[in-house]
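Below is one structure, written out as structure tokens, with a few remarks after it.
The values are calculated or read from the model by the stated rules, or taken from the named source; none is laboratory data. Only a predicted model underlies this, so the values are computations on that prediction, with no experimental measurement involved. Quick reminder, even Gly has a Cβ in these numbers, built from the backbone with ideal geometry, and neighbours come from all protein chains shown. Surface accessibility is based on the protein's heavy atoms, side chains included, excluding ligands, DNA and RNA. Shrake-Rupley method; radii C 1.70, N 1.55, O 1.52, S 1.80 Å.
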Amino acid sequence: MVLVLVFGAALLVAVLLSGLAARTVLSTSFLFLVGGALVSDGFLGLIHITPDSEIVSATADLALFAVLFTDGMHVSLPKLRANWRNPARALGLGMPLAFVFMALVTHYLVGLDWTTSFLVGAVLAPTDPVFASAIVGRAEVPAKLRQLLNVESGVNDGLALPVVLILIAGAGPTAKSAEASPGKIAIELVLGLSFGVLLPLLVNRLVRFRLLGAEPKLQPLLPLATGIILYGACHLTHANPYLAAFSAGAALAHVSPEAKTSFEPLGEALAELAKFAALLVFGALLTPQLFGDLSFGGYVAVVLAIVLIRPASLLISLLGTSISRKEKLVAAWFGPKGFASVVYGLLVLQSGIPQAEEAFTLIAVCIAFSIIAHSSTDVPIARAFDVDELVGIPDRDQPATVPPKESPLDTRA
């Protein structure tokens, strides 16, 4: 119950400071990260959480699923078909470049073997826009930039997982290669995509039966029920839950725009709660001992991962595109490491490979630095686009009206 009390207190503080955070470098994500660290064994010792605690993997997994489900609802399939080239470049070229560059830096600066180094590169390759919400969530920010970041982050989690599993299988004698065979991984991906597309279609058909239908006040619970069923089905069948979540959100928004509209406020609130809970738990792992275990070369690798590897990789992938120079620079900077990296890092730690602890330490410190850097710079950089207020949060001098929330894939500039 101590953890519940701490979460409630952190949530209260975050809500009270959210107006200030929306206009300054203060970050609500940072508050939960620091709160978790303060109450952990490394400081006050109020809660005792270790990387192998079930609550760590459960909260990170649930938060990632919830965020991807709601992010998928922001995808307009017709507009995506018309504007797919930039996200495809980021996924097809930028992500592999970041993966390889991070592996090289890890091997030569940290001293991990080649397989484990590439494993670290695969874990840190996915990006998470939830820590750059002032960019993705601002309607005034150019649509191409919002589309690029949102689609890239929603898809790359699922793309990275097969690589992570295969590299874990080849990283040491304790890993079970049969559990990460290419055939099995392919089946999990196909199942995840199939569940994500077919379940919303089935629910939509059920709603349209003459004797069935959702009462208006209960309509927001329809997508929630769909998400819960999908989450359980994926874990029971070992289907890829992250690809399923993103594709389900996109499919649901496409076949039932009214359901998406009714669920959006509830869905985003639930995703925020899941995110904050995962941040609090992850923060409890960030003890002084963890930071002390990372070598000087490891810290250099972390800095390079954030300020050089991601920016250079994405800028290379966007060469020759019509995106403006400012938009390219912003997209290159906002490559935060988020819940996918947390989940995959825990898979590495629990795999039992020879250098699992060293790899996890590097991954955890990199995620922590990334959350701090990206969640505290989103608002100032968003202001470079002459944006005065966050979507849904009016300026103090303006009446408290809530503009209609548009899709991040809207093609208006």
- Task: Ignoring everything but the protein chains, give the 1.4 Å probe accessible area of residue 381 in square angstrom, nearest 10.
- Result: 50
- Note on the structure: SASA check, residue 41, accessible area w/ 1.4 Å probe, all protein chains in place, rounded to nearest 10 Å², comes out at 80
- Task: Grab the Cα-Cα distance for residue 269 and residue 325, subtract it from 0.36 nm times how many residues apart they are, and report the gain in nm with one decimal.
- Result: 16.8 nm
- Query: Which entries in the list 184/260; 144/337; 217/328; 144/275; 275/326 go over 31 Å, if you measure between the two C-alpha atoms of each?
  - Reply: 184/260; 217/328
- Message: How much accessible area per residue does the chain have, counting only protein heavy atoms and a probe of 1.4 Å, in square angstrom?
- Response: 44
- Item | Size of region 7-130 as Cα extents on the principal axes (Å, biggest first) | 45, 44, 30
- Message: Given axes a ≥ b ≥ c from the Cα gyration tensor, I'd like to know whether the chain is rounded (a/c under 1.5), prolate (a/b larger than b/c) or oblate.
- Response: rounded
- Query: Just going by the charge dipole of the chain, with Lys and Arg at +1 and Asp and Glu at -1 on Cβ, which of 228, 125, 204 is farthest out on the positive end?
  - Reply: 204
- Max mean-square fluctuation residue, GNM over the chain, Cα-Cα springs under 10 Å, options 20, 362, 230: 20
- Query: Taking 0.36 nm per residue of separation and subtracting the Cα-Cα distance, what length does fully extending residue 215 through residue 312 add?
  - Reply: 29.9 nm
- CD proxy, 222 nm, the chain: helix-only mean residue ellipticity via -39,500 (n - 2.57) per DSSP H run with n ≥ 4, per residue, nearest 500, stands at -20500 deg cm²/dmol
- Task: Whenever you get a sec, compute what percent of the accessible area on the chain sits on carbon and sulfur atoms (1.4 Å probe).
- Result: 69
- Message: Test of understanding: in a Gaussian network model of the chain with alpha carbons linked when under 10 Å, which of 221, 211, 319 would top the mean-square fluctuation ranking?
- Response: 211
- Item | Heavy-atom accessible area ranking, 1.4 Å probe, most first, across 107, 74, 254 | 254, 107, 74
- Full-stretch length increase - residue 289, residue 93 - with 0.36 nm per residue and alpha-carbon distance subtracted: 66.9 nm
